[in-house]
1. Looking at (1) farther than 19 Å from LEU317 by Cβ; (2) buried (at least 17 other Cβ atoms within 10 Å of the Cβ), which one does ALA59 not meet, given that it meets all the others?
2. Against the definition (in contact with a helix residue (DSSP H, G or I) (Cβ under 7 Å, 6 or more places away or on another chain), small (Gly, Ala, Ser) and farther than 26 Å from LEU284 by Cα), how does SER228 come out, yes or no?
3. Quick test for you: out of HIS193, HIS173, pick the one residue that is out of contact with any Ser or Thr (no Cβ under 9 Å at 6 or more places or on another chain) and not assigned by TED's automatic domain parsing to the domain that holds VAL117.
4. Among the residues of segment 62-73, count how many are surrounded by 14 or more Cβ atoms within 10 Å (Cβ to Cβ) and charged (D, E, K, R).
5. Is there a residue in segment 115-123 that is free of Cβ contacts under 8 Å to residues at least 60 places away in the same chain, within 18 Å of LEU329 (Cβ to Cβ) and in contact with a helix residue (DSSP H, G or I) (Cβ under 6 Å, 6 or more places away or on another chain)?
6. What pairs come up if the first residue lies in segment 89-103 and is within 19 Å of LEU178 (Cβ to Cβ), the second is in a loop (DSSP other than H, G, I, E, B) and hydrophobic (A, V, I, L, M, F, W, C), and their beta carbons are under 6 Å apart, counting only those six or more places apart or on different chains?
7. What do you reckon, is THR185 among the hydroxyl-bearing types (Ser, Thr, Tyr), assigned by TED's automatic domain parsing to the domain that holds TRP261, under 18 Å from the mean Cα position of the chain (by Cα) and surrounded by 14 or more Cβ atoms within 10 Å (Cβ to Cβ)?
8. Would segment 39-53 turn up any residue that is closer than 21 Å to GLN144 by Cα and surrounded by fewer than 23 Cβ atoms within 10 Å (Cβ to Cβ)?
Amino acid sequence: MAGQGFEPDVRVRTSEYRIGCIGAGMIMAECHLAAYAQAGFSVVAIASRTRASAEKVAARWSIPTVHDTPEQLIEDSEVEIVDLAFPPDQQPALIRHALQQPHIKAILAQKPLALSVEEAVKLRDEAAASGKILSVNQNMRYDQSMRVLKQIIDSGALGEIVFAQIDMHAIPHWQTFLQDYDRLTLANMSVHHLDLLRFLFGDPSEITTLTRQDPRTTFDHSDGITVSTLRFASGVLAVSLEDVWSGPRQEGYEDDQHINWRVDGTKGVAKGTIGWPKGVASTLTYASTETTDGKWVSPSWDTMWFPHAFIGVMEQLQHAVKTGAPPALTVADNVKTMALVEAGYRSMAQGRTVKLSEISID
């Protein structure tokens, strides 16, 4: 990386725990397992909804054991960490089963953790009572541009933050199981961005969210294109925009899907791009009156959000198991992100600004 003293990717401090993976779809096959192979993590077993799917992924990534069901994998005494990539309506039962197993040390769950804030709070409390670590895969915090942005903000180079925005014009791959839910974009795409804003600026005090349906999405959904405005206690004003339509798709049409972001401070500005959906590295450039003499500086790296961020997500969990310290991605923190999503849905439904204090997570 260009020498600015930043760390776009985590150092692997801990890697010795045995991982059992549940799920064999794109996110597991292309992201989790690709990252784990690169980091040298030990994946000892896999299971999915069908054995055939699990066997195919096991052969690709040289995973020694394939179980018939997720429950059998969780009961396998060789597995120390359960890595879940399963639909949120089925995930809570698997988490609870894992919390009951004496050999399981930790669980990495997908987001959304559950279909409601109330269920997420119960899982948070049950995990705490069990003494096991439950962590949630908010992997965009490990995107390289976001890690470096956080380091720049924390250094004071931008001064007091005034305004921030995430501007997405891109078409997500909606998993088929989402067709059974009413909630779509805010819970499954915007959650990345809302969580990032919390990561960067702390907990917002209020959110206002507007939505319209996406013309391309043929199944029923309450939220398609979404725009959320957040106010933070520090005074930061932020906008998160998810245009999941982003233009027509037909032969001859020149596609311009992208995710851009920008942060304005009293002493400088940082801006950049997220490499998804183009499959390239994310970017960052910044100028500071304090540290760059007002000139634009562009740190660089070769790694990408997908799959490299998933190294950081599993590494922070393994390190928490080894040290006894809380993971970087705690379930308690994730419940606050779920409360923010819930407040966004309430804002949509009631046509008003919603204060986060209205959403109970005690």
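The values are calculated or read from the model by the stated rules, or taken from the named source; none is laboratory data. Please read these numbers as outputs of a predicted model, since none were measured by experiment. Please note: Cβ atoms are built from the backbone with ideal geometry, for glycine as well, and neighbour counts cover all protein chains shown.
1. Of (1) farther than 19 Å from LEU317 by Cβ; (2) buried (at least 17 other Cβ atoms within 10 Å of the Cβ), only one is false for ALA59: (2).
2. no
3. HIS173
4. The number of residues fulfilling the criteria is 1.
5. no
6. ASP89/LEU115; PRO92/ALA114
7. Yes; evaluated as a whole, the condition is true for this residue.
8. Yes - at least one qualifying residue is present in segment 39-53.
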